[in-house]
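Heads up: the structure comes next, in structure tokens.
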Amino acid sequence: MRSRWFIAVLIVPLQSSAADIVVSAAASLSNSFNEIGKLYEAQHPGDKIVANFAASDVLLKQIEQGAPADVFASADEQTMDRAAHSNDIDKSTRKDFAANTLVLIVGANAKSPSKLEDIAGNAYTHIAIGNPDSVPAGRYAKEALTSAKLWDKIQPQIVPAQNVRQALDYVARGEAQAGFVYATDAETQKDKVHVAMTVPTSTPVRYPIAVTARSQHADAAKAFVDFVNSAEGQAVLKKFGFRDRKSTRLNSSHI
């Protein structure tokens, strides 16, 4: 009898390359990154951008404690430096991708101070500032106010905020007469707040981005970082008021 051999072929479905990319980004990037995320998804079918917005230091703390994150975008170099020092990012993927400006805002119908020193007066009993211990915008504000010898003077007037968007909301709702935010944040509520002046900062406000060291989707995360730095991603950032990533000009002019 002729023997017959049968070869069983096990068909294993190919795994999809689609990924949920968790992007932990500074609160001031909310509007721009939501749009960039949609554009990225349109060009990478199946991939989904899961955005997590908060103060930069809070995001880094989450990453350090093991929270899932594939991309980290900070509102300052200092926080990203800490992430690099603690090996929480892939240092080879780190890039500066945008710059911003610190501004002093007041309510839309309020009178603007003529100079920074005026905020120490009685007209500004509540001044919203991000907590300098966790919010880059707050650190920039403290640096500028300390340089102007105002930080100690206005301590009783300070209303601490958990992130820069909360500082914006305090002024927009009339709960504070003035606040320190980025120019891009002020633009999102220009019907409710007015930019009184640009605030000088000795440290340029620059935004770095990197793939996290424990990313489960490193290739997709790198693709997103590259997209943010692409002409298309940069066009979105410019649309929302961010300055060129290579900008080194100090913030010194009044608006």
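Screening Gly46 against (1) in a helix (DSSP H, G or I); (2) over 22 Å from Tyr207 (Cα atoms) leaves a single unmet condition, (1).
For the stretch 112-135, filtering for residues that are without any contact (Cβ under 8 Å) to a residue 60 or more places away in the chain, in a helix (DSSP H, G or I) and under 29 Å from Tyr207 (Cβ atoms) leaves 1. Scanning the stretch 85-94 for residues that are under 8 Å from Ala210 (Cβ atoms) and of a type outside the set (Lys, Arg) yields Ile89, Asp90, Thr93.
Scanning the stretch 118-163 for residues that are among the polar types (S, T, N, Q) and open to solvent by less than 30 Å² (accessible area, probe 1.4 Å) yields Ser134, Gln157.
Among the residues of the stretch 62-111, what is the count of those that are open to solvent by 40 Å² or more (accessible area, probe 1.4 Å), part of a helix (DSSP H, G or I) and among the small types (Gly, Ala, Ser)? Looking only at that region, the number is 1.
The residue of the stretch 52-61 that is most open to solvent (accessible area, probe 1.4 Å), among those that are more than 12 Å from Ala137 (Cα to Cα) and part of a helix (DSSP H, G or I), is Lys61. Among the residues of the stretch 201-241 satisfying the criterion of being among the β-branched types (Val, Ile, Thr) and surrounded by 18 or more Cβ atoms within 10 Å (Cβ to Cβ), which is modelled with the lowest pLDDT? If we take residues in the stretch 201-241 being among the β-branched types (Val, Ile, Thr) and surrounded by 18 or more Cβ atoms within 10 Å (Cβ to Cβ), then Thr201 is modelled with the lowest pLDDT. Of the residues making up the stretch 243-253, not a single one is modelled with pLDDT of 95 or more, in a loop (DSSP other than H, G, I, E, B) and under 15 Å from the mean Cα position of the chain (by Cα).
The values are calculated or read from the model by the stated rules, or taken from the named source; none is laboratory data. What you see is a predicted model; the values in this text were computed from it and never measured. Don't worry about glycine lacking a Cβ; one is built from the backbone with ideal geometry, like all the others, and counts go over all protein chains shown. These area figures cover heavy atoms from the full protein model, side chains too; ligands, DNA and RNA do not enter into them. Shrake-Rupley method; radii C 1.70, N 1.55, O 1.52, S 1.80 Å.
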